[in-house]
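Engineer: Let me begin by handing over the structure; questions about it come next.
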2 protein chains.
Amino acid sequence: MKNTAQNWFRELRDAICAEFEKIEQESSSAAKFERKKWERAEGGGGEMSLMRGKIFEKVGVNISTVHGEFSEKFLREMENPPEDARFWASGISLVAHMSNPHVPAVHMNTRMIITGEGKKQWFGGGTDLTPMFDDLESADFFHKNLRECCERHNSTYYDKYKKWCDEYFFLPHRNEPRGIGGIFYDYLNSNDWDADFAFTQDVGRTFLNTYPQIVRNNRERKWNDKEREQQLYKRGRYVEFNLLHDRGTKFGLLTGGNTEAILMSLPPEVKW
Amino acid sequence: MKNTAQNWFRELRDAICAEFEKIEQESSSAAKFERKKWERAEGGGGEMSLMRGKIFEKVGVNISTVHGEFSEKFLREMENPPEDARFWASGISLVAHMSNPHVPAVHMNTRMIITGEGKKQWFGGGTDLTPMFDDLESADFFHKNLRECCERHNSTYYDKYKKWCDEYFFLPHRNEPRGIGGIFYDYLNSNDWDADFAFTQDVGRTFLNTYPQIVRNNRERKWNDKEREQQLYKRGRYVEFNLLHDRGTKFGLLTGGNTEAILMSLPPEVKW
């Protein structure tokens, strides 16, 4: 199961990177992802892929498979700390910040986690979209595809995971949502590993069939300096969320993950 | 004592803002601080002063006096939580991000805190300098003046507070210091309120006699695009420190402080 999940995350990474490079090519850009491997002292490692292109101002796609023991500090911060601190985790994580303010930013992440040498195992992940301005067309298309994805697996998933996403990607100190949401799930273990894995795969495939189309729909739209400014300020909120609130960022930094990979999510240029 | 401290922080704010505006005028800039009052639902409030000038790309000087009860969540995160959660706090906090990459950024903050209706009382604060490149002249001048300030009050302060500053303003996830340090002190209560207050005042006055001179020494230096880029990336570390690690930021956001005032410390423009 570990190998199957890990191979899938890599395969998905390859497909996404190829599609994003294709979008660059369609705009006469030769931008390519740069790959960089890293190893974790305690065990495992990962591979970062970073592209700074014409359409994708900055996009990072990371895969990693790590194992070890949760630190005391991390266990204290967990909502439901496991009795056995040993863990194994594998996943893919992606954030794209776009040159054109009319193309929404996006985040996608899926992961499989095991604690206590197999005593507990679950999947988690999701994807959420952050348009810089009201963009009902992109929002509706994104939500529609995620709804269909969820409904292929379980009729209760969509409402539950959409709500979870709205609650999670929220900045309490600003009383603002990060974007227009999407889905977020965690601790998914229905006692049917194949089904949970199939859902996790479908989230990745749905992302791959949805976000590139949103990019293609909007990449030709003209923008002015004022819209660029608004984009840079909106990105400030993204930074605030990731550094103040995001569990994945904390998980990574507190479990000795690779700082460069974890903070690859930060936007290329920001204003406050 | 509350009134005396509170009045001092306001007086220091006025003196600093006047001096920074004078620096702008010396460069034919008419930039002025904009003042904005805010009130805190639970009790107290503050005043923000923000200037976006020619020399000071963005500088915020905040004073606030707040009171109430520490939340459960905040108490759990404190190193030495007080038995009685009631608190009163007054202080001044300043961060300056400069247009010229050859002028270091700076932070200064001093505060008086009371918990449990007077059962415990202490002062805290400090100042630290963040040059964008090696700048031994500014660093030496800054350290020298702080050393002399400390030595006017207690022969043990400088070494202790310089070390505390180096330890505090450190980014473990980058294994990098934030800048070249300065002094940092907290929980200062020598059983002589007058002496502790006099030291806290001297830290403010020393800042006022030191940083403006560093600005004047460096403001005419030429810079190129590459140096500006380095400044924008260096500022990213400032953001990471403030949002991931800074206790003042967490204290403010978790005690219902004013978000706009707390995050005024974030740089005007940043790159990652």
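The values are calculated or read from the model by the stated rules, or taken from the named source; none is laboratory data. Everything numeric in this text was worked out from a predicted model, so none of it was measured. A quick note on method: Cβ atoms are made from the backbone with ideal geometry, for glycine too, and the neighbour counts reach across all protein chains shown.
Engineer: Before we move on, is A:Val203 buried (at least 17 other Cβ atoms within 10 Å of the Cβ) and either within 14 Å of chain B (Cβ to nearest Cβ) or farther than 16 Å from A:Gly181 by Cα (or both)?
Structural biologist: Working: buried (at least 17 other Cβ atoms within 10 Å of the Cβ): yes; either within 14 Å of chain B (Cβ to nearest Cβ) or farther than 16 Å from A:Gly181 by Cα (or both): no.
No; evaluated as a whole, the condition is false for this residue.
Engineer: Right, another one. Just to be sure, is A:Lys234 farther than 30 Å from A:Phe70 by Cβ, assigned to a loop (DSSP other than H, G, I, E, B) and more than 10 Å from chain B (Cβ to nearest Cβ)? Walk me through it before giving the result.
Structural biologist: Numbers: farther than 30 Å from A:Phe70 by Cβ: yes; assigned to a loop (DSSP other than H, G, I, E, B): no; more than 10 Å from chain B (Cβ to nearest Cβ): yes.
When the stated conditions are applied, A:Lys234 does not pass them.
Residues are listed down the side, and each one gets a yes or a no for (1) within 23 Å of A:Asn209 (Cα to Cα); (2) in contact with a strand residue (DSSP E or B) (Cβ under 8 Å, 6 or more places away or on another chain); (3) without any contact (Cβ under 8 Å) to a residue 12 or more places away in the chain:
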{"site": "A:Phe20", "(1), (2), (3)": "yes, yes, no"}
{"site": "A:Ala30", "(1), (2), (3)": "yes, no, yes"}
{"site": "A:Phe33", "(1), (2), (3)": "yes, yes, no"}
{"site": "A:Glu39", "(1), (2), (3)": "no, yes, yes"}
{"site": "A:Gly44", "(1), (2), (3)": "no, yes, no"}
{"site": "A:Met51", "(1), (2), (3)": "yes, yes, no"}
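Yes or no, residue by residue, for (1) in contact (Cβ under 8 Å) with a residue 24 or more places away in the chain; (2) polar (S, T, N, Q); (3) under 30 Å from A:Leu75 (Cβ atoms); (4) outside any helix (DSSP H, G or I):
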site	(1), (2), (3), (4)
B:Lys73	yes, no, yes, no
B:Arg76	no, no, yes, no
B:Glu79	no, no, yes, yes
B:Ala89	yes, no, no, yes
B:Leu94	yes, no, no, yes
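Engineer: Something else about it: Quick check on A:Gly179: is it touching a residue at least 60 places away in the same chain (Cβ under 8 Å), within 20 Å of the chain's Cα centre (by Cα) and not in a helix (DSSP H, G or I)?
Structural biologist: Values: touching a residue at least 60 places away in the same chain (Cβ under 8 Å): yes; within 20 Å of the chain's Cα centre (by Cα): yes; not in a helix (DSSP H, G or I): yes.
In short, yes.
Engineer: While we're here: Condition check: away from chain A (no Cβ under 14 Å), more than 30 Å from B:Asp192 (Cβ to Cβ) and touching a residue at least 12 places away in the same chain (Cβ under 8 Å). Does B:Met108 satisfy that?
Structural biologist: Details: away from chain A (no Cβ under 14 Å): yes; more than 30 Å from B:Asp192 (Cβ to Cβ): no; touching a residue at least 12 places away in the same chain (Cβ under 8 Å): yes.
So B:Met108 does not fit the description; no.
Engineer: Go through (1) without any contact (Cβ under 8 Å) to a residue 40 or more places away in the chain; (2) over 30 Å from A:Glu69 (Cβ atoms); (3) aromatic (Phe, Trp, Tyr) and name the single condition A:Trp164 misses.
Structural biologist: (2)
Engineer: I'm checking my understanding of the structure. Among residues of region B:250-259 that are in a helix (DSSP H, G or I) and more than 8 Å from chain A (Cβ to nearest Cβ), which one is surrounded by the most Cβ atoms within 10 Å (Cβ to Cβ)? Explain how you work it out, then say what you get.
Structural biologist: Residues of region B:250-259 that are in a helix (DSSP H, G or I), as a first pass: B:250-254, B:259.
Next, from what is left, pick out any that are more than 8 Å from chain A (Cβ to nearest Cβ): B:250-252, B:254.
Numbers: B:Lys250: 18, B:Phe251: 19, B:Gly252: 23, B:Leu254: 16.
That would be B:Gly252.
Engineer: Would you confirm, using the coordinates I've provided, whether B:Ser71 is among the hydroxyl-bearing types (Ser, Thr, Tyr) and under 30 Å from B:Tyr211 (Cβ atoms)?
Structural biologist: Working: among the hydroxyl-bearing types (Ser, Thr, Tyr): yes; under 30 Å from B:Tyr211 (Cβ atoms): no.
In short, no.
Engineer: Let me ask you something else. Inspect all residues belonging to region A:223-230 and state whether any of them is crowded, with 17+ Cβ neighbours inside 10 Å, in a helix (DSSP H, G or I) and either at positive phi or more than 9 Å from chain B (Cβ to nearest Cβ) (or both).
Structural biologist: Among the residues of region A:223-230, not one is crowded, with 17+ Cβ neighbours inside 10 Å, in a helix (DSSP H, G or I) and either at positive phi or more than 9 Å from chain B (Cβ to nearest Cβ) (or both), which makes the answer no.
Engineer: In the list A:Ile262, A:Ile183, A:Ile214, which residue meets the criterion of being in contact with a strand residue (DSSP E or B) (Cβ under 9 Å, 6 or more places away or on another chain), crowded, with 22+ Cβ neighbours inside 10 Å and closer than 30 Å to A:Glu72 by Cα? Spell out the reasoning first.
Structural biologist: Numbers: A:Ile183 fails: closer than 30 Å to A:Glu72 by Cα; A:Ile214 fails: closer than 30 Å to A:Glu72 by Cα.
Checking each option against the conditions leaves just A:Ile262.
Engineer: For region B:136-161, what are the residues that are surrounded by 21 or more Cβ atoms within 10 Å (Cβ to Cβ) and of a type outside the set (Phe, Trp, Tyr)?
Structural biologist: B:Ser138, B:Leu146, B:Cys149, B:Cys150
Engineer: Given the criterion in contact with a helix residue (DSSP H, G or I) (Cβ under 6 Å, 6 or more places away or on another chain) and among the small types (Gly, Ala, Ser), identify the matching residue among B:Ser64, B:Ser28, B:Ser71, B:Ser49.
Structural biologist: Values: B:Ser64 fails: in contact with a helix residue (DSSP H, G or I) (Cβ under 6 Å, 6 or more places away or on another chain); B:Ser28 fails: in contact with a helix residue (DSSP H, G or I) (Cβ under 6 Å, 6 or more places away or on another chain); B:Ser71 fails: in contact with a helix residue (DSSP H, G or I) (Cβ under 6 Å, 6 or more places away or on another chain).
Going through B:Ser64, B:Ser28, B:Ser71, B:Ser49 in turn, the sole match is B:Ser49.
Engineer: I would also like to ask the following. Is it fair to say B:Val239 is away from chain A (no Cβ under 14 Å), touching a strand residue (DSSP E or B) at 6+ places or on another chain (Cβ under 8 Å), at pLDDT 95 or above and part of a helix (DSSP H, G or I)? Break it down into steps so the answer makes sense when it comes.
Structural biologist: On the way: away from chain A (no Cβ under 14 Å): no; touching a strand residue (DSSP E or B) at 6+ places or on another chain (Cβ under 8 Å): yes; at pLDDT 95 or above: yes; part of a helix (DSSP H, G or I): yes.
Spelling it out, it is not the case that B:Val239 is away from chain A (no Cβ under 14 Å), touching a strand residue (DSSP E or B) at 6+ places or on another chain (Cβ under 8 Å), at pLDDT 95 or above and part of a helix (DSSP H, G or I).
Engineer: Identify the single condition in (1) surrounded by fewer than 22 Cβ atoms within 10 Å (Cβ to Cβ); (2) aromatic (Phe, Trp, Tyr); (3) in contact with a Leu (Cβ under 6 Å, 6 or more places away or on another chain) that A:Phe241 does not satisfy, given that it satisfies every other one.
Structural biologist: Checking A:Phe241 against (1) surrounded by fewer than 22 Cβ atoms within 10 Å (Cβ to Cβ); (2) aromatic (Phe, Trp, Tyr); (3) in contact with a Leu (Cβ under 6 Å, 6 or more places away or on another chain), the one that fails is (1).
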